[in-house]
Amino acid sequence: MSFGKTTPILRIFDEAKAREFYLDFLGFQVDWEHRFAEGMPLYMQVSKDDCVLHLSEHYGDCSPGAALRIESDELEAFHQQLHIADYMYAKPSLEVMPWGSQDMTITDPFGNRLTFTNAIST
């Protein structure tokens, strides 16, 4: 038996704020977007390297306030990029964890908590 990658779905409420946070600040790219019709809620996939997220405006797809961990082997460089980006609504810092890894937690405009970590699972 084999399982594949996990793709979290995060609830968003404002397309412009989602794009500002995920694309402009974090540096993700849009892979695709879907709406059932003009004026309907947005469902889109964004990615950065091997990290893939689905963002949904659809009621019932998921609850706001999710928490996820994203592994990175270049956490300090990513932290520097975010510091330089100077995003008005988040100033993330690196935190040394009791088990020796570093984490950087950022909450998106919709209450979803993304923790980037250099603790790489094997």
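FYI, it's all coordinate maths here, none of it is from the lab. Just so it is clear, the structure is predicted and the values come from calculations on it, not from any experiment. Cβ sites come from the backbone with ideal geometry, for glycine too, and all protein chains shown count toward neighbours.
Values computed for the structure shown
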read-out	value
Extent along principal axes [Cα atoms of the chain; Å; largest to smallest]	48, 46, 23
Residues residue 31 and residue 93, FRET efficiency given R0 of 22 Å [Cβ-Cβ distance, rounded to 0.05]	0.15
Efficiency of FRET between residue 71 and residue 2 - r from beta-carbon atoms, R0 25 angstrom, step 0.05	0.80
Note, ³J(HN,Hα) from phi for region 58-73, Karplus 6.51, -1.76, 1.60, rounded to Hz, x at Gly and Pro	6, 4, x, 5, 6, 9, x, x, 5, 10, 9, 10, 10, 6, 8, 8
Rounded to 10°, Cα long-axis angle of helix 75-85 versus longest principal axis of the chain	60 degrees
Computed helical MRE - 222 nm, the chain, DSSP H runs ≥ 4 contributing -39500 (n - 2.57), nearest 500	-3000 deg cm²/dmol
Amide H contacts of residue 10 (H built 1.01 Å from N, under 5 Å, at least 5 apart or other chain)	54, 55, 56
